[in-house]
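Below: one structure in structure tokens.
The values are calculated or read from the model by the stated rules, or taken from the named source; none is laboratory data. Computed from a prediction, not measured in an experiment: that's the story for all the values here. All Cβ positions, even for glycine, are placed from backbone atoms using ideal geometry, and neighbour counts span all protein chains on display. Accessible surface areas use protein heavy atoms only, side chains included; no ligands, DNA or RNA. Shrake-Rupley method; radii C 1.70, N 1.55, O 1.52, S 1.80 Å.
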Amino acid sequence: MAFAIDTYTGNNSTTSYSITFPYIEKAHVVVTVDGVTKSLTTDYTFTNASTITFNSAPAQDAVIK
């Protein structure tokens, strides 16, 4: 199975990021910030099928995948 990755850079203010690839279940989407895996509902939520929203904006220059 192939993997798709979206990569963004935090700016200490943006909280919403797009998911540009198809997935079957939300559990199949793994979100990391600077290599640390984040938890659904604790750290972020799905605003809709193609957007996640962090509860707190990732730090300046943080690598979001």
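Using a cut-off of 10 Å between beta-carbons, work out the net charge of the residues near GLY10 (Lys and Arg +1, Asp and Glu -1, GLY10 not included).
Net charge in that neighbourhood comes out at -2.
Further question: What does the charge count near THR32 come to, summing +1 for each Lys or Arg and -1 for each Asp or Glu among other residues with Cβ under 14 Å from its Cβ?
-1
Please figure out what share of the DSSP beta bridges in the chain is antiparallel and state it in percent, rounded to the nearest 5.
90
Starting from 0.36 nm per residue, how many nanometres of slack lie between ASP61 and VAL36 once their C-alpha separation is accounted for?
7.6 nm
Now for a separate question. Expressed as a whole percentage, what fraction of the accessible surface of the chain belongs to carbon and sulfur atoms when a 1.4 Å probe is rolled over the protein heavy atoms?
Carbon and sulfur together cover 54 percent of it.
Taking 0.36 nm per residue of sequence separation and subtracting the Cα-Cα distance, how much length would be gained by fully extending the chain between SER13 and ALA27, in nm to one decimal?
Taking 0.36 nm per residue and subtracting the Cα distance, the gain is 2.5 nm.
Take the alpha carbon atoms of the chain, find their radius of gyration, then divide it by 2.2 N^0.38 Å using N residues; give the quotient.
Rg over 2.2 N^0.38 Å, computed on Cα atoms: 1.03.
Follow-up. Between THR20 and ALA4, what is 0.36 nm times their sequence separation minus the Cα-Cα distance? Round to one decimal in nm.
Gain on stretching THR20 to ALA4: 4.9 nm.
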